[in-house]
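See below for the structure under consideration.
The values are calculated or read from the model by the stated rules, or taken from the named source; none is laboratory data. What you are looking at is a predicted structure, and each value in this text was computed from that prediction instead of being measured. Quick reminder, even Gly has a Cβ in these numbers, built from the backbone with ideal geometry, and neighbours come from all protein chains shown.
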Amino acid sequence: MKTLIIRLWKNQSGATAIEYGLIATLLSITILTAALGLGGGIEARFDQVDAFVAQ
């Protein structure tokens, strides 16, 4: 990761730096969306287990 940042920092091409920024943004949005979706499913499963144990 450190070498990627150094390489991006030394990169003189503005268009390429912007493209890397867009890719990083899209990856962040994708990971965030997946984490939020997965979190809801996990919470629902724990609620099911809790209801079962409480019986």
Notebook entry, point to check: Would a scan of segment 3-18 turn up a residue that is surrounded by fewer than 10 Cβ atoms within 10 Å (Cβ to Cβ) and under 17 Å from the mean Cα position of the chain (by Cα)?
Noted result: no
Next item on the list: For segment 44-52, state whether one or more residues are among the acidic types (Asp, Glu), surrounded by fewer than 10 Cβ atoms within 10 Å (Cβ to Cβ) and modelled with pLDDT of 80 or more.
Entry: yes
Notebook entry, point to check: Is segment 10-27 home to any residue that is touching a helix residue (DSSP H, G or I) at 6+ places or on another chain (Cβ under 7 Å) and not aliphatic (A, V, I, L, M)?
Noted result: yes
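Can THR16 be described as modelled with pLDDT under 80 and either in a helix (DSSP H, G or I) or at negative phi (or both)? Please lay out each step first, then the result.
Values: modelled with pLDDT under 80: yes; either in a helix (DSSP H, G or I) or at negative phi (or both): yes.
Yes; evaluated as a whole, the condition is true for this residue.
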Next item on the list: Provide a single number: the residues in segment 15-53 that are closer than 30 Å to ILE5 by Cα and among the charged types (D, E, K, R).
Entry: 1
Check: Pairs under 8 Å by beta carbon, first residue closer than 15 Å to ALA24 by Cα in segment 1-12, partner at pLDDT 70 or above and of a type outside the set (S, T, N, Q), six or more apart or different chains?
Finding: LEU8/ALA17; LEU8/TYR20
